[in-house]
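Read the structure below first, then the notes.
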Amino acid sequence: MRLILNVIWLVLAGFWMAVGYAVAGIICCILIITIPWGIASFRIANYALWPFGREVVDKPGAGTGSLLGNVIWIIVAGLWLAIGHVITGIALCVTIIGIPLGLANFKLVKVSLVPLGKEIIEVP
């Protein structure tokens, strides 16, 4: 079931959201000081391509640096990516088949706003 949902997700929403994260990551990697945000953006792009069967959890030991970095991320790119997830989620929830995909999009809003201090794990 995860494979079917991931393939449908990739075609309907995942590819375009991953491209958005990759563009944000490339822009962040241009300057040396913003490389941590670029790496986080690439990590989320990977998750946005294939989200079913994986989960985002808080990274142990993430502290004040992650908090400050997330505030800057929200201002620079996080808000726009979150808006993209909300719009795509609403569009997917219009059909019965798209409801699980829309819910996955809403799940990605949180990580698109605060990507630092998070890690992606496989769900058994």
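The values are calculated or read from the model by the stated rules, or taken from the named source; none is laboratory data. Just so it is clear, the model here is predicted, and its values are computed rather than measured. Positions of Cβ are backbone-derived with ideal geometry, glycine not excepted, and every protein chain shown enters the neighbour counts. What goes into the accessible areas is simple: the full protein's heavy atoms, side chains included, and nothing from ligands, DNA or RNA. Shrake-Rupley method; radii C 1.70, N 1.55, O 1.52, S 1.80 Å.
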Check on I87, within 19 Å of F106 (Cβ to Cβ) and touching a Pro at 6+ places or on another chain (Cβ under 6 Å): no
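Name every residue in the range 37-46 that is in contact with a helix residue (DSSP H, G or I) (Cβ under 7 Å, 6 or more places away or on another chain) and open to solvent by 70 Å² or more (accessible area, probe 1.4 Å), in order of residue number.
Taking the range 37-46 and keeping what is in contact with a helix residue (DSSP H, G or I) (Cβ under 7 Å, 6 or more places away or on another chain), we get 37-38, 41-42, 44-45.
Scanning the range 37-46 gives a single hit, F42.
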Set L5, L49: member being touching a Gly at 6+ places or on another chain (Cβ under 8 Å) and either farther than 18 Å from I83 by Cα or open to solvent by 40 Å² or more (accessible area, probe 1.4 Å) (or both): L49
Hey, G25 closer than 22 Å to L3 by Cα, open to solvent by less than 20 Å² (accessible area, probe 1.4 Å), of a type outside the set (A, V, I, L, M, F, W, C) and in contact with a helix residue (DSSP H, G or I) (Cβ under 8 Å, 6 or more places away or on another chain) or not: no
Criterion (without any contact (Cβ under 8 Å) to a residue 24 or more places away in the chain, among the hydrophobic types (A, V, I, L, M, F, W, C) and in a helix (DSSP H, G or I)) met by exactly one of I44, I74, I87, I96: I87
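Does F15 satisfy the criteria of being in a helix (DSSP H, G or I), touching a Gly at 6+ places or on another chain (Cβ under 8 Å), open to solvent by 20 Å² or more (accessible area, probe 1.4 Å) and hydrophobic (A, V, I, L, M, F, W, C)?
no
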Hits in the range 52-80 (condition: open to solvent by less than 20 Å² (accessible area, probe 1.4 Å), within 26 Å of V123 (Cβ to Cβ) and hydrophobic (A, V, I, L, M, F, W, C)): W73
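Kindly provide the set of residues from the range 70-88 that are over 13 Å from the mean Cα position of the chain (by Cα), at pLDDT 85 or above and either more than 21 Å from Y47 (Cα to Cα) or not polar (S, T, N, Q) (or both), ordered by number. Give the derivation first.
The first filter runs over the range 70-88 and keeps only residues over 13 Å from the mean Cα position of the chain (by Cα), leaving 70-72, 75-76, 87.
Checking which are at pLDDT 85 or above leaves us with 70-72, 75, 87.
Listed by number, the residues that qualify are V71, I72, I75, I87.
Pick from G38, G25: which is small (G, A, S), farther than 17 Å from G84 by Cβ and without any contact (Cβ under 8 Å) to a residue 40 or more places away in the chain? Lay out the reasoning, then the answer.
Details: G25 fails: farther than 17 Å from G84 by Cβ.
When all the criteria are applied, what remains is G38.
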